[in-house]
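Comments concern the structure below.
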Amino acid sequence: MSDASLDRSRCSVAGTLAVVGEKWSLLVLREAFLGVRRFADLQRNLGAPKAVLTDRLATLVEQGILHRVPYQAEGERQRHEYRLTPKGIDLYPTLVALMQWGDRYLAEDGVAPLALEHRGCGAPVHLALVCEDGHALAGAREVRPRPAAVSSR
């Protein structure tokens, strides 16, 4: 396939990066997947400047990746928690892929700082590249890009 025949003007990678491709956004998502929901907890865990964290949370809410849920501790003013939406949950494999890459190439002494395991059986979790017919692929050399089919709708 000719490199020129691929339409990059609507690239899904570029579009995704425009939404979540900034360091703090990905780290906010990591924390959300670890169960952290409140602004103060996010700020403490991340060490992000308040203005930056506020901006990233607003973007993730605006994009429908997180949603704000009000809560009020007794005797305090109302605040909000940030919870993952289904759209946000669909980003989990992306974070796992980044984590696995970091574990492979950046972990000190080859020891990963965090392990993922299946809640049901305790086995380690890893991502796999699989075609729709169920064939496991070793990597990019087994994949051929092609223009996507144009919808007739």
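Side notes on the structure shown:
- Here the Gaussian network model covers the chain, with springs between Cα atoms less than 10 Å apart; of Pro86, Pro124, Pro70, Pro124 fluctuates the most.
- Cα-based Rg and Dmax for segment 73-122, where Dmax is the largest Cα-Cα distance (Å): 16.8, 48
- Gaussian network model of the chain, Cα within-10 Å springs - most flexible of His67, His118, His126: His118
- Listed values [x] 1.09; [y] 1.28; [z] 0.99 include one computed from this model; for Cα Rg over 2.2 N^0.38 Å that value carries the label [y].
- Cα gyration tensor, segment 65-153 - rounded (a/c under 1.5), prolate or oblate: oblate
- Accessible surface of segment 9-54, 1.4 Å probe, proportion on carbon and sulfur as whole %: 57
- Rounded tilt (10° steps) of 50-62 against the dominant C-alpha axis of the chain: 60
- Most fluctuating residue given options Leu26, Leu106, Leu98, as computed from a GNM of the chain linking Cα atoms under 10 Å: Leu106
- Here each label is just a point 7 Å from Cα along the line to Cβ, and for Leu129 and Glu22 those points are 3.0 nm apart.
- Heavy-atom accessible surface of the chain, averaged per residue, reaches 77 Å², computed with a 1.4 Å probe.
- A P(r) calculated from all alpha carbon pairs of segment 36-106, with 10 Å bins opening at zero, reads 18, 40, 33, 7, 2 percent.
- Under the criterion of Cα pairs below 8 Å and six or more residues apart, the relative contact order for the chain equals 18 percent.
- Over the chain: helical MRE at 222 nm, DSSP H runs n ≥ 4 each giving -39500 (n - 2.57), nearest 500: -11500 deg cm²/dmol
The values are calculated or read from the model by the stated rules, or taken from the named source; none is laboratory data. As the structure is a computational prediction, the values presented were derived from the model and not from experiment. Positions of Cβ are backbone-derived with ideal geometry, glycine not excepted, and every protein chain shown enters the neighbour counts. Quick note on the areas: whole protein, heavy atoms, side chains included, nothing else; ligands and nucleic acids left out. Shrake-Rupley method; radii C 1.70, N 1.55, O 1.52, S 1.80 Å.
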